[in-house]
1. Kindly indicate whether Pro170 is touching a strand residue (DSSP E or B) at 6+ places or on another chain (Cβ under 9 Å), exposed (fewer than 14 other Cβ atoms within 10 Å of the Cβ) and at pLDDT 95 or above.
2. For Asp191, are the conditions met, namely being of a type in the set (D, E, K, R), outside the structural domain of Glu88 (by TED's automatic domain parsing) and without any contact (Cβ under 8 Å) to a residue 12 or more places away in the chain?
3. Among the residues of the stretch 193-211, are any of a type in the set (Phe, Trp, Tyr) and in contact with a Leu (Cβ under 9 Å, 6 or more places away or on another chain)?
4. Only one of Arg133, Arg91 is closer than 25 Å to Tyr282 by Cβ and among the basic types (Lys, Arg); which?
5. Of the residues Thr184, Thr177, only one is in a loop (DSSP other than H, G, I, E, B) and not assigned by TED's automatic domain parsing to the domain that holds Arg91; which?
6. Take the conditions without any contact (Cβ under 8 Å) to a residue 60 or more places away in the chain and surrounded by 12 or more Cβ atoms within 10 Å (Cβ to Cβ) and apply them to Ala146. Does it pass?
7. Can you tell me how many residues within the stretch 78-126 are of a type in the set (Gly, Ala, Ser), buried (at least 17 other Cβ atoms within 10 Å of the Cβ) and not in a loop (DSSP other than H, G, I, E, B)?
Amino acid sequence: MSVAAVVLLVTGVGRVAKAQSAPGLVVSTAWVAEHLSDPDLVVLHLGPAAAYATAHVPGARLAAASAFSVAGQREDGTPLNLQMPDVETLRKGLESLGISDTSRIIVYSAAPAGVPITTRLMLTLQYAGLGARSHFMQGGLSDWVAEGRPTTDVVPEPKAGTLRALTVVPLIVDGDTVDAQRKTAGVRVIDARTPAFYDGVQTGGSETSPHQTGHIEGAVNVPHTSTYDAQGKFKSVDELRAIFTKAGVKPGETVIAYCHIGQQATATIFAARLLGYDVKLYDGSFEDWSKRPNAAVTNPAIKK
C-alpha cells in the first residue's frame, strides 16, 4: 500500500478535531455530528445497557455483543468464550442492529475501556464484507460529551435492516493455521495481551480453566493497550508505526493477532489496519492454543 493510500485510510487518526470531507476508517466526532441526519447512517453504541439508557449519541442503537459474537467450543467439546457466528446467524444479527446493504455504519465506545469490544465489532463488519462502510468514532462518547455535543436517553424504535447474503472476507484463522504459518516468511504472529501475560509473569484464564503460561512460540508482543491512549483514542500513524517496528513487525507482512479469547487482539488488528497491514484474527486465541496437544508455548519467566 502506498504512503498516499495510508494517509487517506487513516484520516481522523490522532488529534483530529475538525469535520472530514469524506469518512476514513476512523472518523471524528465532528464528522458524525454533521452527518447524524443522513438517512443511511447507522450509529452503534458499545457499552453497558444501563448507561446507554441514560445517555447516548442521538439516534444511536445499543449494539449487544450477542448480535455479532457467540460462545463456541473446540472439536473435543471444551468451551471457547468467544467465536465468530456462522454466516447466516451473523447476517441476521447485523440486520437486528439496523444495518442494510446501503448503510454507513459508525461504531463508538461508551468508555475508553470499551475499545476492544468496539474493535471486535469493527473486525466483524470487515469480515462480513462491510468494512468499506464501517467507521470507528475516535474518542467515543467521552469526547462527544467533553465537546459539549448533545446526548439523549431516547431509545430509537427497533428497525431491522436488510442485508443480502454476506460476502465473507477471510479474516479468521484457527490454531492449525497459526501453527502452520507462525514460522512462514511474510507472516507475523502478534500477541496482543499485556506484557505480564506474554512474559509469563501472569497466567490467563480462570482458576478452574487456566491457560498455559507464556506465549505462542515465535510470537511478538504488541499489547492492545499500547495502540490507544487513556481516552480511548488510537495513536497517530507515526506512533503506531514505531510501536510495530519496535516489536519486529515489518512492512508488508501479514499480521495474525491473538489475545486471551479473541477480543483484545482486535484493537491491535485495528491499529495494524491503520498502517495498511493485511490482518487476521486467531479466533479462540490463547484459550484455544492452551488446550492444543503439544502446543508450542514459550515462557520467558522460566530461566534456562
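1. Here the answer is yes, as Pro170 does meet what is asked.
2. Against the criterion (of a type in the set (D, E, K, R), outside the structural domain of Glu88 (by TED's automatic domain parsing) and without any contact (Cβ under 8 Å) to a residue 12 or more places away in the chain), Asp191 does not qualify.
3. No, that holds for no residue.
4. Exactly one of Arg133, Arg91 is closer than 25 Å to Tyr282 by Cβ and among the basic types (Lys, Arg), namely Arg91.
5. From the options Thr184, Thr177, the qualifying one is Thr184.
6. Answer is no for this residue.
7. Residues meeting the conditions: 4.
The values are calculated or read from the model by the stated rules, or taken from the named source; none is laboratory data. Since the model is a prediction, treat every value here as computed from it, not as a measurement. Backbone-built Cβ (ideal geometry, glycine too); neighbour counts: all protein chains shown.
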